[in-house]
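As structure tokens, the structure follows; a few thoughts come after it.
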């Protein structure tokens with residue numbers, strides 16, 4: 001039978017690395033081949049390829065119209081990003097093509113839209129997927145189908161002024177339980193920029209002022225928020241992807257974080273350009289007060305794909321484009337770096353004496369080339385000796401009579 005002759009039917013994407021699936025972005029060319037392996041001669045009507053990309057959301061909610069009436073409300077929407085068709089095999093005159101036994105490969109290639117696509121995503125109430133579907137039509141046989149997804153990641157460069165801008169905030173609240181007030185607790189926090197990439201460490205600078213009569217616990221979280229939108233209704237799912245727990249702050253005490261580190265796990269990048277699906281991140285700095293609700297301060301984050309450029313690109317480019325934010329300076333938490341160690345604790349006396357002798361000998365050897373250097377080069381090296389110590393008593397009284405006298409005296 002015809003079904004027995006088709007031993008292999010597969011889609012293989014071209015990849016620069018072996019055993020590593022390719023990743024694409026808008027404007028890239030997706031290429032590959034469709035592999036057919038036949039055990040015997042087979043007749044084929046056509047072999048067609050269809051590339052698609054959609055963002056889809058769907059969820060249900062139970063509704064009640066009365067004491068005895070209940071129904072389910074469905075919500076759904078979709079956005080199309082890719083729709084390409086290509087014929088890989090089909091005779092021009094509509095006749096059947098006979099393929100001999102063996103392995104056959106049919107290459108394909110198409111370009112993704114130049115418009116900004118949306119990063120592939122899988123969520124609880126929706127997804128963003130891209131795939132290639134191939135259909136094999138044969139006479140007197142059911143249509144064979146195969147589908148294979150590919151990944152699209154839209155680049156997010158955090159080396160932009162908006163994402164390199166520092167983020168800061170302050171918040172306070174009165175801690176109450178029933179009719180009793182325990183006092184006020186406040187939190188001030190800042191981070192050096194808004195954009196980060198997975199694997200980076202975020203130094204958190206924060207100050208916790210506990211004016212209550214109870215001990216509090218400061219914490220920090222990285223929160224991912226998935227938002228699904230359909231028919232004017234929103235569905236959200238929040239999850240904690242990283243946690244940082246601080247030390248207990250006693251009553252009437254204050255605690256300061258001088259760059260406490262919280263690491264970003266391998267999460268997907270932010271999705272901000274899709275109409276029905278959004279993936280957003282935030283740094284949440286909280287104070288857990290026993291007996292009452294938490295005090296939380298939220299700082300927005302953007303998880304990108306292109307990491308921070310080296311060699312201080314922030315100070316060179318962003319400082320010229322961003323004006324100084326006085327509010328940021330006023331609420332800045334002082335950073336107190338540790339003092340450097342004493343020289344004697346790092347270098348022993350023997351090592352110090354050896355280095356001094358080495359420098360002295362090197363200076364003696366280099367005197368041969370002094371006259372070849374310009375005179376002005378030595379101006380900065382010259383140092384005046386300090387003036388002698390002033391004294392009311394003449395150290396050389398015997399020289400008084402030897403000094404010249406004025407003729408009018």
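Look at region 187-222 and say how many of its residues are without any contact (Cβ under 8 Å) to a residue 60 or more places away in the chain and under 17 Å from residue 248 (Cβ atoms).
To start, the set of residues in region 187-222 that are without any contact (Cβ under 8 Å) to a residue 60 or more places away in the chain comprises 192, 203, 209, 211, 213.
So of that shortlist, the ones also under 17 Å from residue 248 (Cβ atoms) come out as 209, 211, 213.
Residues flagged as without any contact (Cβ under 8 Å) to a residue 60 or more places away in the chain and under 17 Å from residue 248 (Cβ atoms) within region 187-222 amount to 3.
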List the strands (runs of 3 or more DSSP E) that sit entirely inside region 1-54 and contain at least 2 residues that are closer than 15 Å to residue 112 by Cβ. 29-38
If you go through region 244-280 one residue at a time, how many are touching a strand residue (DSSP E or B) at 6+ places or on another chain (Cβ under 7 Å) and within 23 Å of residue 158 (Cα to Cα)? 19
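Restricting to region 159-208, give me the number of residues that are over 28 Å from residue 290 (Cβ atoms) and more than 29 Å from the chain's Cα centre (by Cα). Break it down into steps so the answer makes sense when it comes.
Initially, region 159-208 is screened for residues over 28 Å from residue 290 (Cβ atoms), giving 159-167, 192-201, 203.
From what is left, the residues that are more than 29 Å from the chain's Cα centre (by Cα) are none.
The qualifying residues number 0.
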Pair list, Cβ < 7 Å and 6+ apart or interchain, from region 238-257 residues that are farther than 15 Å from residue 204 by Cβ to residues that are at pLDDT below 95 and loosely packed, with under 13 Cβ neighbours inside 10 Å: 251/213
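Okay, residues lined up against (1) closer than 27 Å to residue 140 by Cβ; (2) surrounded by 11 or more Cβ atoms within 10 Å (Cβ to Cβ):
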site: 21; (1), (2): no, yes
site: 24; (1), (2): no, yes
site: 59; (1), (2): no, yes
site: 64; (1), (2): no, no
site: 79; (1), (2): no, yes
site: 88; (1), (2): yes, yes
site: 91; (1), (2): yes, yes
site: 105; (1), (2): yes, yes
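The values are calculated or read from the model by the stated rules, or taken from the named source; none is laboratory data. Computed from a predicted model, the values in this text were never measured in an experiment. A quick note on method: Cβ atoms are made from the backbone with ideal geometry, for glycine too, and the neighbour counts reach across all protein chains shown.
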